[in-house]
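Asker: Just dropping this structure here.
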Amino acid sequence: MTTIRREVLTLPAAPLGPDNPLPPLRPLDEAHRIDERDRAALPRDMARQVDYEPLRGLLPVRVRDGYDRTREAREIDALVIENDRLRATVLPGLGGRVASLHHKPTDRELLNVNPVLQPANFALNGAWFSGGIEWNIGATGHTTLSCSPLHAARVPAPDGGQMLRLWEWERLRDLPFQVDLWLPEGSDFLHVGVRIRNPHERPVPTYWWSNIAVPEERRVLAPADEAWHFGYERRLRRVSVPSYDGTDRTYPLNSTYPADYFYEVPDGRRRWIAALDEHGTGLVQTSTDVLRGRKLFVWGTGPGGRRWQEWLTEPGTGGYCEIQAGLARTQLEHVRLEAESEVSWLEAYGPLDAAPEGEWHTVLRGAEDRLETVLPRARVDAAYEAWRPHADAEPGESLATGSGWGALEVLRAGWKLPGTPFEESTLGDEQRPWLHLLRAGSLPGPERHRPPGDTLVARPWRDMLETTAATPVAEYHLGIAQWHGGDRAQAVRSWERGLKTATAGWPLLRCLAVADQEDGHHERAADRYTEAFDDLCERLEEAREERDDRGGDEEWAAVAAALGREAIEALLAVGRTVDARAVWERLRPATRALGRFRLTEAELLAAEGRREEARAVFDEGFEVADLREGAESIDRLWARLGDQPLPVRHDFRMRPGGR
């Protein structure tokens with residue numbers, strides 16, 4: 001029978017650091033956008049789902065950009081699920097990632113296992129790391145829960161053994177979800193039951209992709225003759241499988257640039273995808289038919305893709321690709337989940353031995369026949385039906401604790417969610433002001449010398465904010481909720497009202513500065529950023545004089561860094577280099593030494609006409625820990641400083657002609 005035990009992994013890991021304290025008001029910077037020229041060629045159902053409520057912003061989630069690239073040995077809590085055939089290692093504190101899937105009879109690791117934990121800016125909200133199997137819910141991209149804790153507990157499995165349940169409240173779409181993992185006795189396949197519930201009285205857009213990292217020296221098989229190719233030039237086009245442009249793209253190392261291949265699996269065909277090495281051994285993922293999509297992601301052999309691979313791990317680690325499975329045919333789509341309904345399916349992960357070389361259809365038939373032998377399609381369907389009654393089973397022993405946001409929503413709405421309890425005991429400091437608003441009708445402000453906390457933006461919370469006392473902190477949060485709801489003019493009025501009586505004006509001034517930028521008033525935005533940073537510096541000085549460090553030095557360092565960085569960018573955008581330099585000089589030396597601020601320093605020097613000094617920053621070397629996937633800021637600045645080739649260490653270009 002399956003056993004579940006706790007374990008502690010010791011890995012070289014970079015700390016996550018504090019979240020960005022400034023609310024993410026700007027539109028989402030997400031690479032997966034379709035060029036308008038390609039929309040007309042899309043199938044009707046695909047076009048409809050591409051246009052169905054794509055995510056516009058990150059609220060109420062905060063950006064996670066406080067990490068660096070200094071790795072030290074750190075202990076990471078893990079949960080190990082094991083039978084006599086497989087051993088799965090799960091990281092409940094890091095999005096429930098399956099970090100390893102080891103096949104015991106052959107002593108083979110089926111996944112790409114990252115030997116380090118290095119956050120990088122790939123998740124919707126920033127911090128993400130590579131390797132293993134990740135569960136992506138919310139919206140197009142890597143989930144905001146990539147580096148967040150999930151609730152975990154033991155639950156009875158369908159075969160009478162033990163099952164590991166992971167669950168959380170996904171905040172972008174306000175949906176609870178669960179992932180149940182178990183290993184039937186004697187099975188070579190990890191079974192995973194997934195359920196997403198919509199408790200609301202309205203439809204909600206839903207998104208899910210299971211991403212599996214495997215070594216890239218593989219051939220990837222999926223039952224399709226066509227795929228939708230999407231690259232970082234943002235063009236979506238239908239291509240043939242396995243080859244197009246004269247090259248077999250089912251071998252990840254045959255591509256030059258990073259790219260997605262979304263396979264067109266015909267209706268009625270079994271849903272599966274596999275990655276096999278030259279000897280015909282590897283991993284296969286299959287599922288019930290609800291999980292319709294299958295995808296291959298490749299980094300390619302170009303310098304940018306290779307640099308990213310190095311960036312995400314340590315020297316000497318082999319490269320990887322991703323095979324994936326999702327609710328829609330591509331990751332650019334969202335699926336409608338009707339009011340007070342749910343969607344669920346079963347996945348299975350395990351070893352597969354089949355011939356990888358040869359004519360495409362012959363290879364597919366051989367692999368599919370082998371899969372049917374070791375795990376018949378009917379058995380997967382039966383396992384799903386056996387699991388469904390257990391999805392509501394109440395968890396037993398708690399193994400890990402997630403956030404308190406689900407508990408707050410359950411208290412507000414009185415929802416009953418069998419199988420995924422969000423206990424009031426999980427409420428913490430982040431939820432406490434909102435619990436007070438819910439129960440007492442007023443929103444308490446932060447403690448003296450503390451920045452404002454998290455904001456809730458869903459309509460019910462906005463309604464409560466509109467009826468509570470109009471204090472500066474309430475106007476601040478109300479304005480953010482209004483901004484999220486598309487009522488920008490009213491948001492500005494709320495922030496302006498709050499500013500009239502606010503002791504600390506910088507949070508409201510920063511919101512108004514962002515509003516000015518979005519409306520094209522860049523000079524006024526620069527003025528407000530300057531005023532906001534001046535005000536913040538005054539508050540920090542007051543805190544130092546009063547020796548009040550209850551907010552924590554790390555927290556205030558994050559505030560000053562985030563606001564200072566935005567202020568410098570706003571001032572440089574309108575050519576006010578003297579004012580930008582003044583902000584730079586007031587940043588802490590430790591902040592200015594960070595890689596992301598060394599890049600800012602080079603940009604400031606270039607704007608001041610000091611090109612040689614800007615080049616010297618490059619020569620001294622820096623690493624922008626939170627460099628965004630697909631970002632081209634480094635190479636664009638380099639091009640302004642001369643005509644020499646971009647140094648390899650700074651080459652993160654992910655598309656042809658990238659600059």
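Asker: Among the residues of segment 286-301, write down those that are closer than 18 Å to Ala227 by Cβ and in a loop (DSSP other than H, G, I, E, B).
Answerer: Residues of segment 286-301 closer than 18 Å to Ala227 by Cβ: 291-300.
Selection gives Leu291, Arg292, Trp299, Gly300.
Asker: In segment 188-227, which residues are in a strand (DSSP E or B) and of a type in the set (Gly, Ala, Ser)?
Answerer: Step one: list which residues in segment 188-227 are in a strand (DSSP E or B), which gives 190-198, 204-206, 208-215, 219-221, 226-227.
Across segment 188-227, the qualifying residues are Gly193, Ser210, Ala213, Ala227.
Asker: Among the residues of segment 473-483, is any open to solvent by 20 Å² or more (accessible area, probe 1.4 Å) and either β-branched (Val, Ile, Thr) or assigned to a helix (DSSP H, G or I) (or both)? So that I can check it myself, show each step before the final result.
Answerer: Initially, segment 473-483 is screened for residues open to solvent by 20 Å² or more (accessible area, probe 1.4 Å), giving 473.
From what's left, either β-branched (Val, Ile, Thr) or assigned to a helix (DSSP H, G or I) (or both): 473.
Yes, there is a match, as at least one residue in segment 473-483 is open to solvent by 20 Å² or more (accessible area, probe 1.4 Å) and either β-branched (Val, Ile, Thr) or assigned to a helix (DSSP H, G or I) (or both).
Asker: Select from segment 140-170 the residues that are assigned to a loop (DSSP other than H, G, I, E, B), open to solvent by 10 Å² or more (accessible area, probe 1.4 Å) and in contact with a Phe, Trp or Tyr (Cβ under 6 Å, 6 or more places away or on another chain) and list them in ascending order.
Answerer: If the condition is that a residue be assigned to a loop (DSSP other than H, G, I, E, B), open to solvent by 10 Å² or more (accessible area, probe 1.4 Å) and in contact with a Phe, Trp or Tyr (Cβ under 6 Å, 6 or more places away or on another chain), then Pro158 is the only one that fits.
Asker: Here's a check for you: in segment 626-659, which residue that is in a helix (DSSP H, G or I) and closer than 23 Å to Arg33 by Cβ is most open to solvent (accessible area, probe 1.4 Å)? Can you show your working first?
Answerer: The initial filter retains those residues of segment 626-659 that are in a helix (DSSP H, G or I), namely 633-641, 648-650.
Within this subset, residues satisfying the condition of being closer than 23 Å to Arg33 by Cβ are 633-636.
On the way: Ser633: 48, Ile634: 7, Asp635: 11, Arg636: 134 Å².
So the residue we want is Arg636.
Asker: Where residues in segment 568-581 are in a helix (DSSP H, G or I) and in contact (Cβ under 8 Å) with a residue 40 or more places away in the chain, which of them is farthest from the chain's Cα centre (by Cα)?
Answerer: Of all residues in segment 568-581, those in a helix (DSSP H, G or I) come to 568-573, 577-581.
Those still in the list that are in contact (Cβ under 8 Å) with a residue 40 or more places away in the chain too: 570-571, 573, 579.
Values: Ala570: 27, Leu571: 30, Ala573: 29, Asp579: 35 Å.
Restricting to residues being in a helix (DSSP H, G or I) and in contact (Cβ under 8 Å) with a residue 40 or more places away in the chain, the top hit is Asp579.
Asker: Can you spot a residue in segment 340-360 that is within 25 Å of Pro258 (Cβ to Cβ), open to solvent by less than 30 Å² (accessible area, probe 1.4 Å), at pLDDT 95 or above and in a helix (DSSP H, G or I)?
Answerer: yes
Asker: Here is a list: Glu601, Glu623. Which entry is open to solvent by 30 Å² or more (accessible area, probe 1.4 Å), under 26 Å from Gly66 (Cβ atoms) and part of a loop (DSSP other than H, G, I, E, B)? Write out each step before concluding.
Answerer: On the way: Glu601 fails: part of a loop (DSSP other than H, G, I, E, B).
After applying the criteria, what remains is Glu623.
Asker: For segment 606-644, which residues satisfy the criterion of being closer than 16 Å to Ala593 by Cβ and of a type in the set (Val, Ile, Thr)?
Answerer: Once the filter is applied, which keeps residues that are closer than 16 Å to Ala593 by Cβ and of a type in the set (Val, Ile, Thr), segment 606-644 yields Val617, Val624.
Here is a yes/no grid of residues against (1) surrounded by fewer than 23 Cβ atoms within 10 Å (Cβ to Cβ); (2) out of contact with any Asp or Glu (no Cβ under 6 Å at 6 or more places or on another chain); (3) under 20 Å from Leu59 (Cβ atoms):
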position: Arg488; (1), (2), (3): yes, yes, yes
position: Arg493; (1), (2), (3): yes, yes, yes
position: Thr501; (1), (2), (3): yes, yes, no
position: Leu509; (1), (2), (3): no, no, yes
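Asker: Among the residues of segment 33-70, write down those that are within 25 Å of Phe129 (Cβ to Cβ), in contact with a strand residue (DSSP E or B) (Cβ under 7 Å, 6 or more places away or on another chain) and in a loop (DSSP other than H, G, I, E, B).
Answerer: Listed by number, the residues that qualify are Val63, Asp65, Tyr67.
Asker: I'd like the full set of residues that are in contact with an Asp or Glu (Cβ under 7 Å, 6 or more places away or on another chain), open to solvent by 20 Å² or more (accessible area, probe 1.4 Å) and part of a helix (DSSP H, G or I), limited to segment 389-428.
Answerer: Passing the criteria: only Leu411.
Asker: Which of the numbered conditions does Pro27 fail, given that it passes all the others? Conditions: (1) open to solvent by 40 Å² or more (accessible area, probe 1.4 Å); (2) modelled with pLDDT under 95; (3) over 20 Å from the mean Cα position of the chain (by Cα).
Answerer: (3)
Asker: Return the pairs, sorted by first residue and then second, in which the second residue is hydrophobic (A, V, I, L, M, F, W, C) and outside any loop (DSSP other than H, G, I, E, B), the first residue lies in segment 251-269 and is without any contact (Cβ under 8 Å) to a residue 40 or more places away in the chain, the beta carbons are less than 6 Å apart, and the residues are 6+ apart or on different chains.
Answerer: Tyr261/Ala227; Tyr261/Leu296
Asker: Report, by residue number, each residue of segment 272-285 that is within 15 Å of Val220 (Cβ to Cβ) and either open to solvent by 10 Å² or more (accessible area, probe 1.4 Å) or outside any loop (DSSP other than H, G, I, E, B) (or both).
Answerer: Within segment 272-285, Trp272, Ile273, Ala274, Ala275, Leu276, Asp277, Glu278, Thr281, Gly282, Leu283, Val284, Gln285 qualify.
The values are calculated or read from the model by the stated rules, or taken from the named source; none is laboratory data. Note that the coordinates shown come from a computational prediction; the quantities given were computed from them, not determined experimentally. Because the Cβ atoms are built from the backbone with ideal geometry, glycine has one as well, and the counts that use them run over all protein chains shown. Each accessible area value is taken on the protein alone, full model and side chains, heavy atoms only, with ligands, DNA and RNA left out. Shrake-Rupley method; radii C 1.70, N 1.55, O 1.52, S 1.80 Å.
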